[in-house]
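Read through the structure below, which is laid out as structure tokens, and then see the notes.
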Amino acid sequence: AQKITQTQPGMFVQEKEAVTLDCTYDTSDQSYGLFWYKQPSSGEMIFLIYQGSYDEQNATEGRYSLNFQKARKSANLVISASQLGDSAMYFCAMREAFGNEKLTFGTGTRLTIIP
Amino acid sequence: KAGVTQTPRYLIKTRGQQVTLSCSPISGHRSVSWYQQTPGQGLQFLFEYFSETQRNKGNFPGRFSGRQFSNSRSEMNVSTLELGDSALYLCASSLTTGTGIRNEQFFGPGTRLTVL
């Protein structure tokens with residue numbers, strides 16, 4: 001069974017600093033996708049970045065990058081130059097292949113940016 | 001392009017009642033998934049519908065059911081509500097082509113259900 005582990009329940013970071021949110025996963029599948037979502041207090045899940053298991057390069061989307069280490073089964077999210085608007089819950093999620101839309105989520109990390 | 005919409009946004013029910021939540025996916029999206037989010041259990045997958053067929057189901061009792069219409073709109077129903085059903089129910093749609101794992105899921109704002 002798939003499992004996502006986020007070991008940081010909460011983090012406090014100074015504005016403009018970079019922050020790394022940890023995510024490790026467990027799966028027996030060779031083909032899978034890893035996602036990061038942001039959930040502000042409003043509740044809506046906002047897609048941030050995606051990494052495929054066969055992607056050779058780490059994914060980047062603006063200030064977001066993913067530090068993908070396949071052998072260690074980790075997919076850490078790096079946010080550069082943090083902003084006050086980055087304060088939110090962040091979830092790592094995984095999906096297996098072949099027409100299965102089911103996402104398995106981690107428990108999340110609450111990030112608070114300090115001015 | 002309009003995003004995923006969910007109605008109602010907030011709902012208060014009493015134990016034993018039943019409730020129906022609605023989700024309208026992004027235009028052109030044929031897959032709709034439902035998730036339950038609670039402080040204790042986190043985000044859990046309920047079920048996914050694709051072309052009016054339930055394609056995958058999570059580990060929830062039969063009181064939780066859903067359906068999808070020909071226009072891809074989806075509803076989920078919870079019968080005989082229990083206190084533990086209080087949660088944020090999130091709907092997500094994706095432009096699935098069948099086997100892609102890159103298909104991004106776009107989430108709606110959720111329906112917050114409170115069971116008294």
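Every number here is computed from the coordinates shown, using simple stated rules; none is lab data. Small disclaimer: the values here were computed from a predicted structure and weren't measured. Methodologically, a virtual Cβ is constructed for each residue, glycine included, from the backbone with ideal geometry; neighbour enumeration extends over all protein chains shown.
When N is the residue count of the stretch A:58-115, what does its C-alpha Rg come to as a fraction of 2.2 N^0.38 Å?
On the way: Rg = 13.5 Å, N = 58, 2.2 N^0.38 = 10.3 Å.
Taking the Cα Rg and dividing by 2.2 N^0.38 Å, one obtains 1.31.
Count the DSSP beta bridges whose two residues both fall in chain A, then state the antiparallel fraction as a percent rounded to the nearest 5.
So the antiparallel bridges amount to about 85 percent of the total.
In the stretch B:1-38, which trypsin sites (Lys or Arg not before Pro) fall in coil by DSSP and have 15 or fewer other Cβ atoms within 10 Å? Provide the component values of the computation, followed by the final result.
Details: sites: B:LYS1, B:ARG9, B:LYS13, B:ARG15, B:ARG30; in loops: B:LYS1, B:ARG9, B:ARG15, B:ARG30.
Passing both the DSSP loop test and the Cβ count: B:LYS1, B:ARG9, B:ARG15.
Restrict the search to the stretch A:42-115; then list the chymotrypsin sites (Phe, Trp or Tyr not before Pro) that DSSP places in a loop and that have at most 14 other Cβ atoms within 10 Å of their Cβ. Don't skip to the end; give the middle numbers.
Details: sites: A:PHE47, A:TYR50, A:TYR54, A:TYR64, A:PHE68, A:TYR90, A:PHE91, A:PHE98, A:PHE105; in loops: A:TYR54, A:PHE98.
Within the stretch A:42-115, the qualifying chymotrypsin sites (Phe, Trp or Tyr not before Pro) (loop, at most 14 other Cβ atoms within 10 Å) are A:TYR54, A:PHE98.
Using the crude model of +1 on Lys and Arg Cβ and -1 on Asp and Glu Cβ, and no other charge, please compute the dipole size for chain A relative to its Cα centre, in debye to 20.
Working: 10 positive and 12 negative charges, 38 e Å.
Approximately 180 debye in magnitude.
Would you list, by chain and number, the lysines whose Cα falls below 25 Å from the Cα of A:LYS102, excluding same-chain residues fewer than 8 positions away?
Cα-Cα hits under 25 Å: A:LYS3, A:LYS38, A:LYS70, A:LYS73, B:LYS1, B:LYS57.
Taking the Cα centre as origin and putting +1 on Lys and Arg beta-carbons and -1 on Asp and Glu beta-carbons, what dipole magnitude results for the stretch A:59-115, to the nearest 20 debye? Walk me through the numbers on the way to the answer.
Details: 7 positive and 4 negative charges, 46 e Å.
For this selection, approximately 220 debye.
Can you give the extra length, in nm with one decimal, that the chain gains between B:PHE69 and B:ALA2 once fully stretched, where that is 0.36 nm per residue apart less the Cα-Cα distance? All intermediate terms of the calculation are to be shown ahead of the outcome.
Working: separation 67, 0.36 × 67 = 24.12 nm, distance 1.86 nm.
Extra length from B:PHE69 to B:ALA2 when fully extended: 22.3 nm.
Hey, for a label at B:ARG112 modelled as a point 7 Å past Cα toward Cβ, could you say which residues of the stretch B:5-22 have their backbone N under 13 Å away?
What the label zone holds, given the 13 Å backbone N cut-off, is B:9-12.
With +1 on the Cβ of every Lys and Arg and -1 on the Cβ of every Asp and Glu, and nothing else charged, how large is the dipole of the protein assembly as shown about its Cα centre, in debye rounded to the nearest 20? Walk me through the numbers before you get to the answer.
Working: 22 positive and 18 negative charges, 94 e Å.
Approximately 460 debye in magnitude.
With the contact rule set at Cα under 8 Å and sequence spacing of 6 or more, what percent relative contact order holds for the stretch A:1-71? Could you put the intermediate results ahead of the total?
Values: 81 pairs, mean separation 15.2, N = 71.
Averaging sequence separation for qualifying contacts and normalising by length gives 21 percent for the stretch A:1-71.
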